[in-house]
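Visitor: Got a structure for you, written out below as structure tokens; questions coming shortly.
The values are calculated or read from the model by the stated rules, or taken from the named source; none is laboratory data. Computed from a predicted structure; not experimentally measured. Quick reminder, even Gly has a Cβ in these numbers, built from the backbone with ideal geometry, and neighbours come from all protein chains shown.
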Amino acid sequence: MKANEIKKGMVFNVEGKNILVKKVFVQDPHSRGGSTLYKVTGSDISSGQKFERSFKGDEQVDSIDVSKQPVQLLYKDADGFTFMDTETYEQFTLSETAIEEECAFLTDGIEGVTALVTDGAILSIEIPTTLVMEIMECAPAMKSASSSARTKPATMSTGLVIQVPEYLTIGEKIKINTESREFMSRA
């Protein structure tokens, strides 16, 4: 597989390490002779170490087949987050460090979560691109607030803090883009 085909959630092998891709940034060339670079950030599956490297678009990488299975969050404890495969009812635990990007969005009753599985081992989880969360803490709504671009910080039930428009209040449900961590709309 060529580096220009790498996408978030994929797993590939480089230098003997299996890397789970978290983000891909495309850097276009600034000169005529330059080539497009694909900056990949992720983590080594076995050690959990962060991985960051740039690839040229035509560079070859070895992809690893990964299946996706729907899972449900059961509970969180000192060991991490425990999930259940909704088809086989098998339970597994992932440490907070293994899924630190997704932790801020994991709440009871979250739907649409999938586990990335290869050779019977759970690598990581994927959450939906948009989620509905409830505002737990924020400054009071301003009576004169319009739908202008002025924002205030709001804290969700998981501790995630995002910027929301001034007119929102505690208890309101909002849609959040999980990739950019930005407010999208009221739910």
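Visitor: Taking only region 53-85 into account, find how many residues are farther than 16 Å from ILE99 by Cα and assigned to a loop (DSSP other than H, G, I, E, B).
Guide: Number of matching residues: 6.
Visitor: Quick one: what pairs do we get from region 6-34, first residue under 17 Å from THR114 (Cα atoms), second exposed (fewer than 14 other Cβ atoms within 10 Å of the Cβ) and hydrophobic (A, V, I, L, M, F, W, C), C-beta under 9 Å, 6+ apart or different chains?
Guide: The qualifying pairs are MET10/MET1.
Visitor: Take region 157-181 and flag every residue that is within 22 Å of GLY112 (Cα to Cα) and not in a strand (DSSP E or B).
Guide: SER157, THR158, GLY159, LEU160, GLU172, THR178, GLU179, SER180, ARG181
Yes or no, residue by residue, for (1) outside any strand (DSSP E or B); (2) among the charged types (D, E, K, R); (3) closer than 25 Å to CYS103 by Cα:
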| residue | (1), (2), (3) |
| --- | --- |
| GLY9 | yes, no, yes |
| LYS22 | no, yes, yes |
| PHE25 | no, no, yes |
| PRO29 | yes, no, no |
| TYR38 | no, no, no |
| GLY42 | no, no, yes |
| GLY48 | yes, no, yes |
| PHE51 | no, no, yes |
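Visitor: While we're looking at this one, here's another question. Being within 30 Å of THR36 (Cβ to Cβ) and touching a Phe, Trp or Tyr at 6+ places or on another chain (Cβ under 7 Å) is the filter; apply it to region 59-96 and report the residue that is surrounded by the most Cβ atoms within 10 Å (Cβ to Cβ).
Guide: VAL61
Visitor: Go through region 105-143 and report how many residues are of a type in the set (Val, Ile, Thr) and free of Cβ contacts under 8 Å to residues at least 40 places away in the same chain. Walk me through how you get there before you give the answer.
Guide: Kept after step one, since they are of a type in the set (Val, Ile, Thr), are these residues of region 105-143: 107, 110, 113-114, 117-118, 122, 125, 127, 129-130, 132, 135.
Adding the requirement that they be free of Cβ contacts under 8 Å to residues at least 40 places away in the same chain leaves 110, 122, 135.
Residues in region 105-143 being of a type in the set (Val, Ile, Thr) and free of Cβ contacts under 8 Å to residues at least 40 places away in the same chain: 3 in total.
Visitor: Regarding region 146-163, can at least one residue be identified that is within 27 Å of VAL11 (Cα to Cα) and out of contact with any helix residue (DSSP H, G or I) (no Cβ under 9 Å at 6 or more places or on another chain)? Give the steps one after another, and end with the answer.
Guide: In the first step, residues of region 146-163 are kept if they are within 27 Å of VAL11 (Cα to Cα); the result is none.
Checked against the condition, which is being within 27 Å of VAL11 (Cα to Cα) and out of contact with any helix residue (DSSP H, G or I) (no Cβ under 9 Å at 6 or more places or on another chain), region 146-163 yields no hits at all.
Visitor: Let me ask something else. Go through MET142, MET184 for me and flag whichever is at pLDDT below 90 and either touching an Asp or Glu at 6+ places or on another chain (Cβ under 8 Å) or in a strand (DSSP E or B) (or both).
Guide: Values: MET184 fails: at pLDDT below 90.
MET142 is the lone residue from the list that is at pLDDT below 90 and either touching an Asp or Glu at 6+ places or on another chain (Cβ under 8 Å) or in a strand (DSSP E or B) (or both).
Visitor: I'd like to know if region 97-113 contains one or more residues that are more than 16 Å from the chain's Cα centre (by Cα), among the polar types (S, T, N, Q) and surrounded by 14 or more Cβ atoms within 10 Å (Cβ to Cβ).
Guide: Looking only at region 97-113, we keep the residues that are more than 16 Å from the chain's Cα centre (by Cα), and these are 108-109.
Those left that are additionally among the polar types (S, T, N, Q): none.
Looking through region 97-113, none of the residues is more than 16 Å from the chain's Cα centre (by Cα), among the polar types (S, T, N, Q) and surrounded by 14 or more Cβ atoms within 10 Å (Cβ to Cβ).
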